[in-house]
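The structure appears right after this line, and notes come after that.
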Amino acid sequence: MSKIRIPSIPASEITSEAVWLSRRKWLQQAGAGALALGAGGLLSSPRSTLAAASQSVLPATPNPDYWLSNKLTSEKDVSSYNNYYEFGTGKSDPFEYAHKMETRPWTVSVEGEVAKPRTFDIDDLLKLAPIEERIYRLRCVEAWSMVIPWSGYSLSTLLKQVEPTSKAKYIEFVTAVQPKNMPGLDDRIINWPYREGLRIDEAMHPLTMLVFGVYGKTLPNQNGAPMRVAIPWKYGFKSGKSIVKIRLVEKMPATSWVETAPQEYGFYANVNPQVAHPRWSQATERRIGDGFFAPRVETLMFNGYAEQVSSLYAGMDLRKNY
Ligand code: MTE
């Protein structure tokens, strides 16, 4: 994997939030014309200033083991083209409405089949291990993709703290529910809270990341502040956002999308160009930011992470375990 360096703003340059915000606003306005032509981009709006105000610098050390040479998706696209159904089903709804979500105080309870169940304060989780910057591919089941510099550390670091028992075969992630702040909850498309899950060996894999930031800053709410997971070889929906509970369990948990549409979504949800979704192919993808008429790119097995993760599925029929 070739290395690229992500430009980040040194803390010393951030002398005043107002200066930083006006610079950002100028950049947003400068990019507005191009975004209007791109896929799913948003024109600059007062909301963008608010979204930026909720973020702060999050120092992170680039981890050379997780660098990709792919062109990064712009920060603007990463934070304005989102799936976060708690705020609505439109791609721009999370950007428009997620600023209302309250992300402090925030605790994460880690419970179930563990020797030492514990409730962590989010600010303690930020200090649990050095924050690394890793560039990951994200491939959505809707056949679009992004390349994103996330900041955080491996989920296994947290799980080791609570000492999973031998009965911990699976792990469940539960997202926050804030009825006053999440307009999408009125839509009963999902039986809230949003829940996702992994097999324990998938959860312990070093690629499975607890994410606190993106582009050198804390996560914008629409990307899952204050903490989400990123599992880059699986379709994007596996990466639950704004997590409040992590439960280790013996039986495969009922996850939100499997519960909502079992004929369309499986528990594993590994990116697999050979297994089509019942209503569309998964063989190719559209890179967000390349423009609607740009040629589609081929989707790679396990989203390009086959070397690292294919052994997790040795002997499994991935057509049945989709
Ligand atoms: N987490 C919650 N709580 N609610 C959601 O609707 N959408 C999922 C996933 N996590 C979702 C969620 C889907 S479908 C995708 S593709 C990714 O979040 C998108 O993450 P991003 O917006 O940061 O790119």
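Does segment 184-202 hold any residues that are more than 20 Å from the chain's Cα centre (by Cα) and either assigned to a loop (DSSP other than H, G, I, E, B) or within 13 Å of the ligand (Cβ to nearest atom) (or both), and which are they?
Once the filter is applied, which keeps residues that are more than 20 Å from the chain's Cα centre (by Cα) and either assigned to a loop (DSSP other than H, G, I, E, B) or within 13 Å of the ligand (Cβ to nearest atom) (or both), segment 184-202 yields 187, 188, 189, 191.
So which residues in segment 248-283 are free of Cβ contacts under 8 Å to residues at least 24 places away in the same chain and not hydrophobic (A, V, I, L, M, F, W, C), if there are any at all?
Correct list: 262, 263, 264, 278, 279.
Collect the residues in segment 123-171 that are more than 13 Å from the ligand (Cβ to nearest atom), part of a strand (DSSP E or B) and not small (Gly, Ala, Ser), keeping them in residue-number order.
Across segment 123-171, the qualifying residues are 132, 133, 134, 135, 153, 164, 170, 171.
In segment 69-90, how many residues are over 18 Å from residue 222 (Cβ atoms) and in contact with a Ser or Thr (Cβ under 8 Å, 6 or more places away or on another chain)?
Qualifying residue count for the region: 1.
Residues being more than 20 Å from residue 66 (Cβ to Cβ) and exposed (fewer than 14 other Cβ atoms within 10 Å of the Cβ): count how many of those fall in segment 119-145.
So the count comes out to 5.
Which of the residues belonging to segment 207-226 are in contact (Cβ under 8 Å) with a residue 60 or more places away in the chain and either assigned to a loop (DSSP other than H, G, I, E, B) or more than 14 Å from the chain's Cα centre (by Cα) (or both)?
Answer for segment 207-226, where residues must be in contact (Cβ under 8 Å) with a residue 60 or more places away in the chain and either assigned to a loop (DSSP other than H, G, I, E, B) or more than 14 Å from the chain's Cα centre (by Cα) (or both): 207, 215, 216, 217, 219, 220, 224, 225, 226.
Go through (1) part of a helix (DSSP H, G or I); (2) within 13 Å of the ligand (Cβ to nearest atom) one by one and return the number of the condition residue 96 breaks.
So residue 96 meets the others, but not (2).
Residue 241 fails exactly one of the following numbered conditions: (1) in a strand (DSSP E or B); (2) of a type in the set (D, E, K, R); (3) within 11 Å of the ligand (Cβ to nearest atom). What is the number of that condition?
Failed condition: (1).
I'm trying to understand the selection: among the residues of segment 99-114, which are among the aliphatic types (A, V, I, L, M) and in a loop (DSSP other than H, G, I, E, B)?
Scanning segment 99-114 gives a single hit, 101.
Going by what's in this entry, would residue 246 be described as surrounded by 15 or more Cβ atoms within 10 Å (Cβ to Cβ), within 14 Å of the ligand (Cβ to nearest atom), modelled with pLDDT of 95 or more and closer than 27 Å to residue 114 by Cα?
yes
Can you tell me which of (1) loosely packed, with under 13 Cβ neighbours inside 10 Å; (2) modelled with pLDDT of 95 or more is the one residue 319 doesn't meet?
Answer for residue 319: the failing condition is (2).
The values are calculated or read from the model by the stated rules, or taken from the named source; none is laboratory data. All of these numbers come straight from a predicted model, not from anything done at the bench. Don't worry about glycine lacking a Cβ; one is built from the backbone with ideal geometry, like all the others, and counts go over all protein chains shown.
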